[in-house]
């Protein structure tokens, strides 16, 4: 059985879930540097409902790996969609103004 946790100040709560909704996203940036830049950029954007959606990001071999878990499909869909929007913006910024550009 999976337990979903939440925390509000000093209160800890956990409640069982029958099933969590999960999704993984893998984006190959071709270099560890670009993947790390995107990771650092997106890491500051926290989930708006951390009690309903969890997001775990890692960088490995020039790839950004993102794992999502949510208590309902609609929360997963909203979080995934919003993340892809900011990921697209960050990726276009790297393509336009990325490493190797003279300042």
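The values are calculated or read from the model by the stated rules, or taken from the named source; none is laboratory data. The structure presented is a predicted model; accordingly, all values stated were derived computationally and were not measured. When we count neighbours, we look across all protein chains shown, and the Cβ atoms used for this are built from the backbone with ideal geometry, even at glycine.
For the stretch 3-22, the condition holds for at least one residue, the condition being that it is surrounded by 12 or more Cβ atoms within 10 Å (Cβ to Cβ) and modelled with pLDDT of 90 or more.
Give the residues of the stretch 54-79 that are without any contact (Cβ under 8 Å) to a residue 40 or more places away in the chain and part of a helix (DSSP H, G or I), sorted by residue number. Matches in the stretch 54-79: 74, 77, 78, 79. Apart from one condition, residue 33 fits all of (1) in contact with a helix residue (DSSP H, G or I) (Cβ under 6 Å, 6 or more places away or on another chain); (2) surrounded by fewer than 16 Cβ atoms within 10 Å (Cβ to Cβ); (3) in contact (Cβ under 8 Å) with a residue 60 or more places away in the chain; the exception is (1).
For residue 51, the conditions (1) surrounded by 11 or more Cβ atoms within 10 Å (Cβ to Cβ); (2) assigned to a loop (DSSP other than H, G, I, E, B); (3) over 14 Å from the mean Cα position of the chain (by Cα); (4) at pLDDT below 90 are fulfilled apart from (4).
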